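Below: the structure, in structure tokens.
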Amino acid sequence: MCCLLTVQGIAFADLTPAALLHHAHTSREAKAVLRPGKKDAKVFAGRAAWNVLHAMGHFPASTPATMRQALHRGQLTLKELVDRHPIRNQRVRQLLLDYFHRRKADTDYASLVNLVRHVTHHFWTGIEAINPEQADLNIPADLYSTWRRQISIRHDGKPRIGVDTIVIAVRSFYYDLHTWAADEPERWADWVAPCPVPPSELRGLAKRRRRINERSADRTRLRQPLLPLLVQHVEERYDRARVLLEHATAAVIDTSFTYDGRTYRRVLTAEDRTRARGGHRTPVRVRDNTGQLIHIEAEERKVELGACGRPYGTPCQHEHACIRCPMLQISPKMISRLDDLEGDLIARRTRAHAEGWAGEIEGLNLTLALLRTKRDESQRMARRPAVDLGIPARRRPKKAE
């Protein structure tokens with residue numbers, strides 16, 4: 001808290017949930033640069049402070065009880081999506097809200113977010129930045145040409161690859177208004193204007209899309225030869241973590257053992273001692289000869305539960321909390337490991353109930369529900385034998401009669 005108030009230059013009475021979230025995000029970004037690869041580099045600072053401030057009534061009553069709930073609040077409303085991009089003209093803002101509300105019925109959330117970004121941010125806020133007095137959708141040719149040149153370059157000076165997607169979204173926006181005005185003129189007719197996108201913009205679109213697909217295929221071809229190396233690395237990491245866990249489990253607390261030429265010491269942290277006094281199971285942790293604390297069960301869990309169906313090269317929105325991830329495919333061999341994890345989660349939930357940690361209880365209940373669902377699914381798949389589809393063979397030509 002002292003760090004936050006000092007850096008932001010505010011008094012304690014002026015501390016808001018938004019200020020604490022901003023501090024948590026900036027601290028996390030700084031730790032990612034200063035402590036790359038460390039486990040605490042991805043931890044949000046101020047989680048305990050949030051709980052205390054909420055409990056003492058410092059935050060408004062509508063504020064989520066925990067920082068976890070504030071960070072993972074779910075889908076934004078249309079107003080929140082649009083207001084992320086400030087619009088000068090409030091009549092145009094209301095038009096965009098009405099337009100997106102109409103499109104929301106036949107559009108999934110991810111596509112709606114992209115549509116709002118293309119039409120609101122890339123198009124209209126760009127138009128207002130060039131001509132702040134623009135009050136309708138009748139865009140002159142010179143204004144459109146200036147806007148078109150600007151969006152072709154990103155803020156970092158690099159050429160923008162997805163310009164066609166933005167232009168098509170703008171074109172669809174104008175044509176949708178034309179179509180809807182025929183059925184509901186009282187609502188949409190005032191905004192009907194000629195589409196500023198000339199037909200020449202779409203020439204060569206198929207060719208440009210083929211080039212994008214070619215670049216994607218080329219990246220796949222470049223990475224495919226590295227797949228055996230990745231598999232080898234994962235298998236070696238799993239084998240090492242498994243054997244290290246066996247050695248550490250057999251070791252007595254505060255005693256040293258040697259594995260793979262390195263010395264480790266079985267340790268208990270302050271949190272582990274608190275768990276032990278409460279009769280709960282303590283995780284297996286060791287310190288290596290450099291003093292680094294290693295949670296071996298966590299290291300093993302990252303690579304042993306099964307396969308991840310996430311597309312290659314895409315980020316993990318769950319920050320590798322795999323039990324919650326719908327892309328995790330549990331291996332039937334790891335069902336017993338899920339039983340161990342379930343026992344650990346139940347013990348943590350029992351302690352959370354005793355301590356009154358409402359936010360922690362909610363998160364643990366969610367993880368337990370998803371774990372049991374994945375276990376049931378894996379057991380169901382294990383009961384079904386694999387179907388041999390055979391190898392396709394060329395059909396022999398029929399003999400002439």
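Structure values in brief
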{"quantity": "Qualifying residue in the stretch 292-306 (condition: over 25 Å from the mean Cα position of the chain (by Cα), at pLDDT 75 or above, of a type outside the set (Phe, Trp, Tyr) and assigned to a loop (DSSP other than H, G, I, E, B))", "calculated": "yes"}
{"quantity": "Selected residue [at pLDDT 85 or above, under 30 Å from Leu115 (Cα atoms) and among the aliphatic types (A, V, I, L, M)] from Leu71, Leu78, Leu15, Leu5", "calculated": "Leu78"}
{"quantity": "Residue satisfying all of: in the stretch 322-334; of a type in the set (A, V, I, L, M) and closer than 11 Å to Leu371 by Cβ; surrounded by the most Cβ atoms within 10 Å (Cβ to Cβ) among these", "calculated": "Ile330"}
{"quantity": "Test: residue in the stretch 147-156 that is more than 30 Å from Lys42 (Cβ to Cβ), in contact with a Lys or Arg (Cβ under 8 Å, 6 or more places away or on another chain) and not β-branched (Val, Ile, Thr)", "calculated": "yes"}
{"quantity": "Residues located in the stretch 353-377, provided they are without any contact (Cβ under 8 Å) to a residue 60 or more places away in the chain, of a type outside the set (D, E, K, R) and assigned to a helix (DSSP H, G or I)", "calculated": "His353, Ile361, Leu364, Asn365, Leu366, Thr367, Leu368, Ala369, Leu370, Leu371, Thr373"}
{"quantity": "Yes/no for Leu76 being surrounded by 16 or more Cβ atoms within 10 Å (Cβ to Cβ), under 18 Å from the mean Cα position of the chain (by Cα) and within 30 Å of Gln134 (Cβ to Cβ)", "calculated": "no"}
{"quantity": "Residue count for the stretch 252-284, restricted to those that are touching a residue at least 24 places away in the same chain (Cβ under 8 Å) and either under 17 Å from His295 (Cβ atoms) or part of a helix (DSSP H, G or I) (or both)", "calculated": "9"}
{"quantity": "Criterion (of a type in the set (Lys, Arg) and exposed (fewer than 14 other Cβ atoms within 10 Å of the Cβ)) met by exactly one of Arg91, Arg47, Arg68, Arg103", "calculated": "Arg91"}
{"quantity": "Condition broken by Asp83, with the remaining ones in (1) without any contact (Cβ under 8 Å) to a residue 24 or more places away in the chain; (2) closer than 22 Å to Pro196 by Cα; (3) touching a Lys or Arg at 6+ places or on another chain (Cβ under 9 Å) satisfied", "calculated": "(2)"}
{"quantity": "Unique residue being in contact (Cβ under 8 Å) with a residue 40 or more places away in the chain and either farther than 30 Å from Arg281 by Cα or of a type in the set (Val, Ile, Thr) (or both) when the list is Asp176, Asp183, Asp218, Asp190", "calculated": "Asp176"}
{"quantity": "Residue that is farthest from Thr66 (Cα to Cα), among those in the stretch 335-352 that are free of Cβ contacts under 8 Å to residues at least 40 places away in the same chain and surrounded by fewer than 15 Cβ atoms within 10 Å (Cβ to Cβ)", "calculated": "Ser336"}
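Conditions (1) surrounded by 12 or more Cβ atoms within 10 Å (Cβ to Cβ); (2) modelled with pLDDT of 95 or more; (3) part of a helix (DSSP H, G or I); (4) not acidic (Asp, Glu), marked per residue:
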residue: Val113; (1), (2), (3), (4): yes, no, yes, yes
residue: Glu133; (1), (2), (3), (4): no, no, no, no
residue: Arg148; (1), (2), (3), (4): yes, no, yes, yes
residue: Asp156; (1), (2), (3), (4): no, no, no, no
residue: Ile168; (1), (2), (3), (4): yes, no, yes, yes
residue: Glu186; (1), (2), (3), (4): no, no, yes, no
residue: Glu201; (1), (2), (3), (4): yes, no, yes, no
residue: Arg208; (1), (2), (3), (4): yes, no, yes, yes
residue: Glu214; (1), (2), (3), (4): no, no, yes, no
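For (1) in contact with an Asp or Glu (Cβ under 9 Å, 6 or more places away or on another chain); (2) small (Gly, Ala, Ser), each residue gets a yes or a no:
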site	(1), (2)
Val43	no, no
Arg47	no, no
Asn51	no, no
Gly57	no, yes
Ala61	no, yes
Thr66	yes, no
Lys79	no, no
Val82	no, no
Gln90	no, no
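The values are calculated or read from the model by the stated rules, or taken from the named source; none is laboratory data. The shown structure was predicted, so the numbers you read here are calculated from the model rather than taken from an experiment. Virtual Cβ from ideal backbone geometry, glycine too; neighbours counted across all protein chains shown.
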